[in-house]
Amino acid sequence: MRAIVVNSWLQGPSDMSVVDIPVPTAKAGELLVKVDSAGANFFDILMIQGKYQIKPPFPFTLGAEFSGTVVQATPDDERFAIGDRVFGSNVTGAYAEYIAVPALQCFPIPSALTFEQAAGIYITYPTSYAGLVLRAKVQRGDWVLVHAAAGGVGIAAVQIAKALGAHVIAATGDKGKFEVCFQQGADHCINYRDSDWAEQVLRLTDGVGANVVYDPVGLVEKSLKCVAWNGRIVVVGFAAGTIEKVATNRILLKNVAVTGVHWGAYVRNEPERILEVWEALFKLADEGLIRPVVFQPIFYGLDKAKDALAAISRRETYGKVVVKPTESSVPKL
Ligand SMILES: NC(=O)c1ccc[n+]([C@@H]2O[C@H](COP(=O)([O-])OP(=O)(O)OC[C@H]3O[C@@H](n4cnc5c(N)ncnc54)[C@H](OP(=O)(O)O)[C@@H]3O)[C@@H](O)[C@H]2O)c1
């Protein structure tokens with residue numbers, strides 16, 4: 001099969017190569033899945049450079065998220081059978097025609113979702129649900145300010161906050177991304193490259209401020225200017241590349257709670273929450289309240305994964321970027 005295999009640390013995505021390797025063997029408790037779509041992530045770029053927190057031993061197949069069809073099931077696991085549509089995640093292996101992955105890291109694809117939509121939901125949607133519901137306890141009628149609102153976790157947060165009955169202000173760094181945020185339910189859009197964006201939030205909320213700030217960028221300090229009394233700020237990530245030092249007196253002044261969310265660490269610390277979160281998300285998907293957004297164009301063929309990752313690094317993308325491992329996936333005209 002064809003796969004993107006990393007044998008040594010690379011300079012960047014343009015150095016990635018697609019090679020032929022044997023189809024992986026599924027061990028006990030694993031499924032063998034024919035990959036239909038792989039979800040691309042910024043951290044793929046860090047991983048090939050040896051700059052990510054996880055450094056897999058060489059050689060490894062790149063790619064953390066996928067959707068596809070089960071071709072070999074685990075006899076003692078009744079959840080999955082050959083032919084089932086599944087999505088899942090693993091540290092490595094998704095940029096390939098087949099992946100062997102623990103069945104515990106897979107879920108059936110909800111009937112309303114396509115392979116392309118399902119390829120990028122394993123990390124984004126539960127992160128945003130846990131951030132907004134478990135950590136910030138979003139209430140109906142709250143004003144929720146979502147930073148990087150057109151990104152992977154951002155769009156999920158916009159949709160989930162709307163489904164919970166909140167008013168949503170979507171913040172992006174590019175006016176061109178407003179349209180996708182409005183399409184996903186945002187009530188207002190602002191550009192955090194404007195120097196007065198915090199004042200804009202105060203104006204939109206009649207001076208009250210945002211009850212909840214969802215922050216995958218690293219904008220806590222500035223968000224304190226426009227957070228409401230008793231507001232909750234959720235630290236999700238540091239897309240801007242800097243970990244902030246915040247003046248804690250400003251947290252005290254408005255009774256603010258600054259909280260974090262680390263979805264991947266729930267496996268270790270609160271595994272019982274994982275199914276609870278997914279059940280809530282599947283219900284929202286069945287009700288049509290969440291609709292994963294796939295960046296267009298889809299990248300057909302593993303050779304195009306470098307273009308997909310380059311687009312992410314240039315901040316050109318919205319939603320989830322999807323790579324199809326086989327060029328034959330290109331629809332016939
Ligand atoms: N805590 C968790 O459990 C968890 C889970 C998943 C992801 N994360 C983190 O959340 C962050 C976003 O993840 P994602 O999957 O949504 O990523 P993404 O789809 O690549 O979106 C990231 C967005 O951040 C914005 N951004 C703002 N400043 C930026 C800068 N200086 N450089 C690059 N982008 C910048 C860009 O949107 P604009 O162009 O609109 O500014 C970009 O599109 C990442 O830091 C990720 O590690 C955390």
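Every read-out reported here was derived from the displayed coordinates using simple, explicitly stated rules and does not represent laboratory data. Please read all numbers here as calculations on a predicted model, not as lab measurements. Quick reminder, even Gly has a Cβ in these numbers, built from the backbone with ideal geometry, and neighbours come from all protein chains shown.
A few points about this structure:
- Compactness ratio for region 57-139: Cα radius of gyration over 2.2 N^0.38 Å (N = residue count) comes to 1.22.
- Computed over the chain, Kirkwood Rh from alpha-carbon pairs, angstrom: 20.5
- Converting the Cα gyration tensor eigenvalues of region 252-333 into ellipsoid dimensions via √(5λ) gives semi-axes, longest first, of 34, 19, 15 Å.
- Among Leu62, Leu253, the ranking by other beta carbons within 10 Å of each residue's beta carbon, starting with the fewest, stands as Leu253, Leu62.
- Only beta bridges with both residues in the chain are counted; by DSSP, about 55 percent of them are antiparallel.
- Per-residue ³J(HN,Hα) for region 253-269, Karplus 6.51 cos²θ - 1.76 cosθ + 1.60, θ = phi - 60°, Hz, x for Gly and Pro: 4, 10, 6, 8, 10, 9, 9, x, 9, 10, 4, x, 8, 5, 4, 7, 9
- Sites Asp77 and Glu287 - FRET efficiency at Förster radius 35 Å, r taken between beta-carbons, to 0.05: 0.80
- Excluding same-chain neighbours fewer than eight residues apart, the lysines reachable from Lys55 by a Cα-Cα span under 26 Å are Lys27, Lys34, Lys304, Lys306, Lys320, Lys324.
- Of the DSSP H helices in the chain, those whose Cα atoms cover at least 15 Å axially and whose Kyte score averages -0.5 or more: 152-163, 272-286
- Per-residue extension of 0.36 nm, minus the Cα-Cα distance of Ser8 and Arg203, leaves a gain of 65.0 nm for this segment.
- Distant-in-sequence amide H partners of Val168 (H built 1.01 Å from N, under 5 Å): Val144, Asp187, His188
- Alpha carbon convex hull of region 110-187, projected area averaged over orientations, nm²: 5.2
- Proximal aspartates and glutamates relative to Lys283, as straight alpha-carbon distance under 20 Å, when same-chain residues fewer than 8 apart are discounted: Asp84, Glu116, Glu272
- Among the GluC sites (Glu not before Pro) within region 23-83, those in coil by DSSP and having at most 13 neighbouring Cβ atoms inside 10 Å are Glu78.
- Stretch gain in nm, segment Arg315-Leu252, where the contour uses 0.36 nm per residue and the Cα spacing is subtracted: 19.2 nm
- Residues Glu276 and Asp303, FRET efficiency given R0 of 41 Å [Cβ-Cβ distance, rounded to 0.05]: 0.55
- Each residue in Leu46, Leu32 was given a count of other beta-carbon atoms within 10 angstrom of its own, and listing them fewest first yields Leu46, Leu32.
- For Ala28 and Gln53, the FRET efficiency from 1/(1 + (r/R0)^6), where r spans their Cβ atoms and R0 equals 30 Å, is about 0.60.
- Neighbour counting of Cβ atoms within 10 Å sorts the residues Thr205, Thr124, fewest neighbours leading, into Thr205, Thr124.
- For region 124-264, the number of Lys pairs with C-alpha atoms closer than 20 Å, counting only pairs eight or more positions apart or on separate chains, is 9.
- Within-10-Å neighbourhood charge of Ala228 [Cβ basis; K, R +1; D, E -1]: +1
- Within the chain: Cβ-based charge dipole about Cα centre, in debye rounded to nearest 20 (Lys, Arg +1; Asp, Glu -1): 720
- Dipole of region 244-333, positive end: most advanced residue of Val258, Val293, Leu281 [Cβ charges, Cα centre]: Val258
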